[in-house]
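> Here it is, the structure, as structure tokens.
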Ligand code: PHE
């Protein structure tokens, strides 16, 4: 059915549904895995503070910008730039966003697959099925990677095929509260373990001598990745948003949820690392650097769960990896929705078909990565570390100098009547026109040429 793209676009049922879906996009492996490990390897609290500054000064203004573009145009990222200006260049920014979505999703599904397979690794370890456990935890095994990526993508496609309110909104409305509950219980448990305080100290006591350009780069990249900015995910989600809603308020809630959950994940992971060390688990590399990335989540933590032992160790281990899988799923949904909405809007394909075709296309790339996991770092570097801030920069330039900040403010006025007289408008416009682009350019130049 629904082949007329102008009339068949979905909408969110409720404001809370939208906020949970957007927060679900934001909260993902970026929060529960990447944030704590970046924090741990960049001097703890110093990174946390720089990160918060990046979120507030750049992340939040760009999020408001993306939502305004989306709701005003009611289009996918490519169609949105085309609808709001005659400039021929900017639809390419939308295409870049769609491409970033496809490429990030292609490796994200594999890592998400690892988190899901580890639910079973925990169970197999507990029941003494060591052979099965070590098979599933062998990331060098392309077949295992491929099977779990396939499973994860299958789930994602199914939800996207359900549509905006019946698929995305329903699924995330159920998953997000569950995720928060599991995270809270686990954090409280860990904080009450003797020895947790050493991790807390590193996490919360800033050592400003650690602040380097590399740290600032890492913090900005993390802010874009974690808030799902720069590739049009929030243009797309904003396009389903009713004119009644207050975009500024919604963006603030989503940012708060994202930062809050990342902070909570830090409270869980940082003490856990030090608990593990106290139990004799190796947490530093041979060269003295911190074991970050996959090693932290998939080696250090399971060793700790094993040492807790018994049914308690099993419950904690299973809950942890289930939590990660949930967080990943609410993000893969938004990563697939971006290219899917592009195909629906621009090529007049039905949602069910579009989700399936795009999902299978991404899966083909994932299959290649499954057998060559060394590619993950390169793809991540090009499409998230560089790609997302670059997209964010171009979005700022588009609003600041082509669509004009005034048009965006007019859009925000729907659902936020007092905005014209507020100091907020002037401040936001200055950020979008000058402050955000300049900071992003400096940091990107450092990343690329530094
Ligand atoms: N924000 C997600 C996370 O933190 C990743 C993501 C990036 C999702 C870009 C959508 C778009 O894991």
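The values are calculated or read from the model by the stated rules, or taken from the named source; none is laboratory data. As the structure is a prediction and not an experimental result, all values here were calculated from the model. Neighbour counts are summed over all protein chains in view; Cβ atoms, including those assigned to glycine, are modelled from backbone coordinates with ideal geometry.
> Picking from 324, 335, which residue would you name as being crowded, with 24+ Cβ neighbours inside 10 Å, at pLDDT 95 or above, within 14 Å of the ligand (Cβ to nearest atom) and assigned to a helix (DSSP H, G or I)?
335
> Quick one: what pairs do we get from the stretch 329-347, first residue without any contact (Cβ under 8 Å) to a residue 24 or more places away in the chain, second more than 9 Å from the ligand (Cβ to nearest atom) and assigned to a helix (DSSP H, G or I), C-beta under 6 Å, 6+ apart or different chains?
343/354; 343/358
> Let me ask something else. With under 30 Å from residue 404 (Cβ atoms) and surrounded by fewer than 24 Cβ atoms within 10 Å (Cβ to Cβ) as the only criterion, which of 97, 79, 154 stands out?
The match here is 79.
> While we're looking at this one, here's another question. So, in the stretch 361-375, of the ones that are free of Cβ contacts under 8 Å to residues at least 24 places away in the same chain and assigned to a helix (DSSP H, G or I), which residue ends up nearest to residue 294 (Cα to Cα)?
Looking at the filtered set, the residue picked out is 368.
> Right, another one. Determine the pairs where a residue that is in contact (Cβ under 8 Å) with a residue 40 or more places away in the chain and closer than 8 Å to residue 232 by Cβ, located within the stretch 90-103, has a partner that is part of a helix (DSSP H, G or I) and away from the ligand (no atom under 11 Å from the Cβ) with Cβ atoms under 6 Å apart, the partner being 6 or more residues away or on another chain.
Cβ pairs passing all conditions: 94/77; 94/78; 94/81; 97/77; 98/339; 98/342; 101/339.
> Also: Run down 264, 301, 312 and say which single residue is at pLDDT 85 or above, out of contact with any helix residue (DSSP H, G or I) (no Cβ under 6 Å at 6 or more places or on another chain) and farther than 30 Å from residue 413 by Cα.
Checking each option against the conditions leaves just 312.
> Right, next: Please go through the stretch 193-213 and pick out each residue that is without any contact (Cβ under 8 Å) to a residue 24 or more places away in the chain and either closer than 21 Å to residue 56 by Cβ or buried (at least 22 other Cβ atoms within 10 Å of the Cβ) (or both).
Listed by number, the list holds a single entry, 212.
> Out of all the residues in the stretch 230-253, is one or more under 15 Å from residue 36 (Cα atoms) and either over 20 Å from the mean Cα position of the chain (by Cα) or touching a residue at least 40 places away in the same chain (Cβ under 8 Å) (or both)? Can you show your working first?
Just the residues of the stretch 230-253 that are under 15 Å from residue 36 (Cα atoms), to begin with: none.
No, because not a single residue in the stretch 230-253 is under 15 Å from residue 36 (Cα atoms) and either over 20 Å from the mean Cα position of the chain (by Cα) or touching a residue at least 40 places away in the same chain (Cβ under 8 Å) (or both).
> How do the pairs read when you match residues in the stretch 16-27 that are within 18 Å of residue 223 (Cα to Cα) and within 10 Å of the ligand (Cβ to nearest atom) with residues anywhere that are at pLDDT 95 or above and not in a helix (DSSP H, G or I), using Cβ under 7 Å and keeping only pairs 6 or more apart or on different chains?
25/228; 26/227; 26/228
> Please pick out the residue among 343, 385, 349 that is farther than 20 Å from residue 234 by Cα and either touching a helix residue (DSSP H, G or I) at 6+ places or on another chain (Cβ under 8 Å) or part of a helix (DSSP H, G or I) (or both).
349
> Would you confirm whether any residue within the stretch 281-289 is surrounded by fewer than 24 Cβ atoms within 10 Å (Cβ to Cβ), away from the ligand (no atom under 16 Å from the Cβ), over 24 Å from the mean Cα position of the chain (by Cα) and outside any loop (DSSP other than H, G, I, E, B)?
yes
For every residue, the table says whether it meets (1) over 30 Å from residue 367 (Cα atoms); (2) more than 16 Å from the ligand (Cβ to nearest atom).
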position: 13; (1), (2): yes, yes
position: 44; (1), (2): yes, yes
position: 62; (1), (2): yes, no
position: 70; (1), (2): yes, no
position: 74; (1), (2): yes, yes
position: 102; (1), (2): no, no
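> Looking at the structure I just gave you, is residue 230 part of a loop (DSSP other than H, G, I, E, B) and over 24 Å from residue 276 (Cβ atoms)?
Yes; evaluated as a whole, the condition is true for this residue.
> Among the candidates 438, 419, 443, single out the residue that is touching a residue at least 40 places away in the same chain (Cβ under 8 Å) and closer than 26 Å to residue 382 by Cα.
Numbers: 438 fails: touching a residue at least 40 places away in the same chain (Cβ under 8 Å); 419 fails: closer than 26 Å to residue 382 by Cα.
Sole residue among the options that is touching a residue at least 40 places away in the same chain (Cβ under 8 Å) and closer than 26 Å to residue 382 by Cα: 443.
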